Each structure stands twice: as C-alpha cells, then as structure tokens.
1. Hey, does region 10-20 have a residue that's at pLDDT 90 or above, surrounded by 11 or more Cβ atoms within 10 Å (Cβ to Cβ) and either in a helix (DSSP H, G or I) or touching a helix residue (DSSP H, G or I) at 6+ places or on another chain (Cβ under 8 Å) (or both)?
2. Working only within region 21-43, note down all residues that are crowded, with 16+ Cβ neighbours inside 10 Å, closer than 14 Å to residue 73 by Cα and either modelled with pLDDT under 95 or within 9 Å of the chain's Cα centre (by Cα) (or both).
3. Quick one: is residue 51 in a helix (DSSP H, G or I) and either without any contact (Cβ under 8 Å) to a residue 40 or more places away in the chain or surrounded by 15 or more Cβ atoms within 10 Å (Cβ to Cβ) (or both)?
4. Quick check on residue 74: is it in contact (Cβ under 8 Å) with a residue 24 or more places away in the chain, surrounded by 13 or more Cβ atoms within 10 Å (Cβ to Cβ), part of a loop (DSSP other than H, G, I, E, B) and at negative phi?
C-alpha cells in the first residue's frame, strides 16, 4: 500500500469511529453508539451515561469511570 493510500485509509478510519479515550470508551462500554460517545461533554457526563445504560447507582458508575479514566479528561 502506498503512503498516500495508507494516509487516506487512516483518515477514513478516524472519521468512522472515535479515537483516543473516546475509542476506549467504545471498547469498554459497548452499549454506546458512536454518536453518543462524540456527544459526551466531560467525565461527569460519562458517569451519568454509564449509570443510565448499565443500571448502576451513581457511586458505582463513578468508580468505574474514575478507574477507567485514570486521571484523564474527555
């Protein structure tokens, strides 16, 4: 594959699915759509969404997100 073809493929892949921490969210919590992940505002929003989608209480969702984020912010 040429460098140009590889770059084009990478661009298509990056626009098709979230990258970085948002991509990791998709892997960890598969119930989120790409659109929902892109719409997340911050870690508190992620806690709220995890709580709702996985029927967890707030503290459990917060623990899971905090452990996952490990100090990172969306």
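1. no
2. 21, 22, 25, 37, 40
3. Details: in a helix (DSSP H, G or I): yes; either without any contact (Cβ under 8 Å) to a residue 40 or more places away in the chain or surrounded by 15 or more Cβ atoms within 10 Å (Cβ to Cβ) (or both): yes.
For residue 51, the condition - in a helix (DSSP H, G or I) and either without any contact (Cβ under 8 Å) to a residue 40 or more places away in the chain or surrounded by 15 or more Cβ atoms within 10 Å (Cβ to Cβ) (or both) - is met.
4. Numbers: in contact (Cβ under 8 Å) with a residue 24 or more places away in the chain: yes; surrounded by 13 or more Cβ atoms within 10 Å (Cβ to Cβ): yes; part of a loop (DSSP other than H, G, I, E, B): yes; at negative phi: yes.
Taking the combined requirement at face value, the residue satisfies it.
The values are calculated or read from the model by the stated rules, or taken from the named source; none is laboratory data. Predicted model only: the values in this text are computed from it and were never measured. Every residue, glycine among them, receives a Cβ derived from its backbone with ideal geometry; neighbour counts consider all protein chains shown.
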